[in-house]
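Take a look at the structure below.
A short reminder: the numbers here are calculations on the coordinates, not readings from a lab. If you're wondering where the values come from, they're calculated on a predicted model, not measured in any experiment. No Cβ is skipped: glycine too gets one built from the backbone with ideal geometry, and neighbour counts run over all protein chains shown.
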Amino acid sequence: IFNKTSSSLEDVSESSSEAEEDEQPVRHQEGNTDLSPEYWGVQKLAKYIKGGDPTATVIALCSMRDFNLSQETCQLAIKDTGCLEVLINLLDTEEIKCQIGSLKILKEISQNTLIRHAIADLGGLEIMVKILDSPDTHLKCLAAETIANVARFQRARKTVRQHGGIKRLVELLESSSTGSSYQAKDTETARCGALALWSLSKSTKSKKAIRKAGGIPLLARWLKCSHTNILIPVVGTLQECASEPSYRLAIRTEGMIENLVKNLSSEHEELQMHCASAIFKCAEDEETRDLVRKHEGLQPLSVLLEKSENKQLLAAVTGAIWKCAISRENVLKFQEYKTVETLVTLLTDQPEEVLINVIGALAECCQEQENRGTIRRCGGIAPIVKLLTATDRALLVNVNKAVGASAMEPENMTIIDSLDGVRLLWSLLKNRNPDVQASAAWALCPCIENAKNSGEMVRSFVGGLELIVNLLKSKDKEVLTSVCAAIANIAKDEENLAVMTDHGVVPLLSKLANTNNNKLRRHLAEAIAHCCMWGRNRVAFGETKAVAPLARYLRAKDPLVHRATAQALYQLSEDPNNCVIMFENGVVKLLLAMVGSTDDALQEAAAGCIANIRRLALATEKAKYG
């Protein structure tokens, strides 16, 4: 029992991108198969394969290949007549012609899900892995290709890995020729090895095993070759593995980005797709984004947007553009290539995986003012706002970012508001997912800053202020940070601040004060500074113990934390009791150093706070000594 459990646990950790066909074999047309003429033909040949001498067996195997083995009736006939066991047993003989004949059939019929599972159940994979040691190249190639077909489900991948298959398959990538003159034989062997590795690379453990077996430099070498038939499985494997940081680092440092970019201009859409997909995964890293620009990869990516009928290619290309657009220099290039205009045309009638990337790319491009105008002129605001009613988490997070980035432009904000965009964002604060909540709260900040009559707009959302104040009870750091930023903006309106105070904003903010997270500290201090402006909130912050922790923020390394904290302390220092706590916590010395800052806001707040503390100290002395 224990063994069973541990192996199923291993299965769970096995998968990474295994959401693809982790197949449950389904039996299609029962009952009908045994009536077909193919069935009887196969059954007759099965006798010879089972009982004949080697020559008869080889002839029978050749005859069997005259049937259409890609047809399901033939495939299932081979399984149901018990012929499959015999084919697998033939692999375990010394007769090379029988082995080759058997593998040629297994390679064809293993396109069928049921047969893949049956081959694995009958121990076929273990024998095929052994065959990879054979001196006969043709035999090894057939075994590798068959493994490539069978290893499309998790248990099969695990079997190949545990029987040392990965090391042997990586060895097939080692060519005997030197330099760049690849011989046909080497290319074919490497192609078959790469096909098998590609199937296996869907699992995390296999990715590690390929790396340990020295697969990365060999894949890098074949990437320089110009034969499409080997490039597709090589790039296929690399893009599968690029979900692991160690592979992304290698792809960057072993000079592979240049070749990936070069093949974006290939005539084969499948190769273009895998190259774009590899760039999509690797461009998470800044150095890679720079390399794509350096090797002039941004223009071919933009050009590929025109191939919008091929949705898999489009998803990969828009993904690559999105991640590359995280770097400002790349956005400026995309402006040159009119990429933003093309992306706006892809906001409607696209599958979700394309939309997520298109919106992600537009959100990044909107960090540049010029593109915020471009999106508006191209009619992009309305379709983006419309997507705020989507349900997919990743899509919503990107739509929120795009709406927030567009709203930094007052003209765009007018359109967003007229389409009810702010109300839709506000309602996303109720979403169960913390990423959606946080991205909605961040997006509300520029909306509130740039809306006309924003105070009234916020008041028009029934229950809206209570909702946002209650999000200060969230357990998620990013939600807390974004909500503090939104509250700082909302609190600029006195009526709204009064309502938030009634909903208990002060004790909730104070409760968060003991955090070590600098981003949260900064926005929390801003929220506290703005919330001091109502009633006896200043006093209440002192009573709820927010002052001493804030004083410690001045020791943080982040200048933005210093500015926000000094402003909060300046507001709090209008209350004498708070001044005493600040003085006891050594604030004066820290603030004195900041009075000389080049940041005017920091300088002013630090000076104002010190002045208030001084004034109190003098008044106290005077009272004492008269």
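Data overview
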| read-out | value |
| --- | --- |
| Calculated on alpha-carbon atoms, Rg and Dmax of the range 488-626 in Å | 14.5, 46 |
| Among 197, 61, 610 the positive-end extreme of the charge dipole of the chain (Cβ point charges) | 610 |
| Length-normalised contact order of the range 281-439 in % [C-alpha pairs under 8 Å, at least 6 apart] | 18 percent |
| Calculated [θ] (222 nm, deg cm²/dmol) that DSSP helices of n ≥ 4 give over the chain, each run adding -39,500 (n - 2.57) | -21500 deg cm²/dmol |
| Estimated Rh, the range 226-343: Kirkwood, alpha-carbon pairs, angstrom | 13.8 Å |
| Summed residue charge, Cβ within 15 Å of residue 313's Cβ, Lys/Arg positive, Asp/Glu negative | -4 |
| Farthest positive-ward along the range 338-452 dipole, Cα basis, beta-carbon charges - from 389, 346, 408 | 389 |
| Reference-scaled alpha-carbon Rg (2.2 N^0.38 Å with N residues) for the range 538-586 | 1.05 |
| The range 338-452: C-alpha gyration tensor shape, a/c 1.5 cut-off, then a/b vs b/c | oblate |
| Cα centroid separation - the range 105-135 against the range 182-259, whole Å | 22 Å |
| Cα gyration tensor of the range 515-559 - equivalent ellipsoid semi-axes, whole Å, descending | 20, 11, 7 |
| Nearest-20 debye value, the range 338-452 charge dipole, Cβ charges on Lys, Arg, Asp, Glu | 280 debye |
| Dipole of the chain, positive direction: furthest Cα of 326, 510, 75, with charges on the beta-carbon | 510 |
| Vicinal HN-Hα couplings computed from phi for the range 265-282 (Karplus, 6.51 cos²θ - 1.76 cosθ + 1.60; Hz; Gly/Pro x) | 9, 5, 8, 9, 5, 5, 5, 4, 5, 5, 5, 5, 5, 5, 5, 3, 6, 7 |
| Zero-based 5 Å bins, Cα pair distances in the range 72-140, whole percents | 3, 17, 32, 25, 14, 6, 1 |
| For the range 462-477, Karplus couplings with θ = phi - 60° (6.51, -1.76, 1.60), whole Hz, Gly/Pro x | 4, x, x, 6, 4, 4, 6, 5, 5, 5, 5, 8, 4, 8, 8, 4 |
| Whole-Hz couplings from phi, Karplus 6.51/-1.76/1.60, listed for the range 576-590; x for Gly and Pro | x, 4, 5, 4, 4, 4, 4, 4, 5, 9, x, 5, 4, 4, 5 |
| Size descriptor, Kirkwood hydrodynamic radius, that averages inverse alpha-carbon separations across the chain, Å | 28.9 Å |
| Cross-link pairs beyond the 28 Å C-alpha cut-off, checked among 185/311; 205/477; 401/452; 185/294 | 185/311; 205/477; 185/294 |
| Globularity index of the range 152-269, i.e. its alpha-carbon radius of gyration over 2.2 N^0.38 Å | 1.00 |
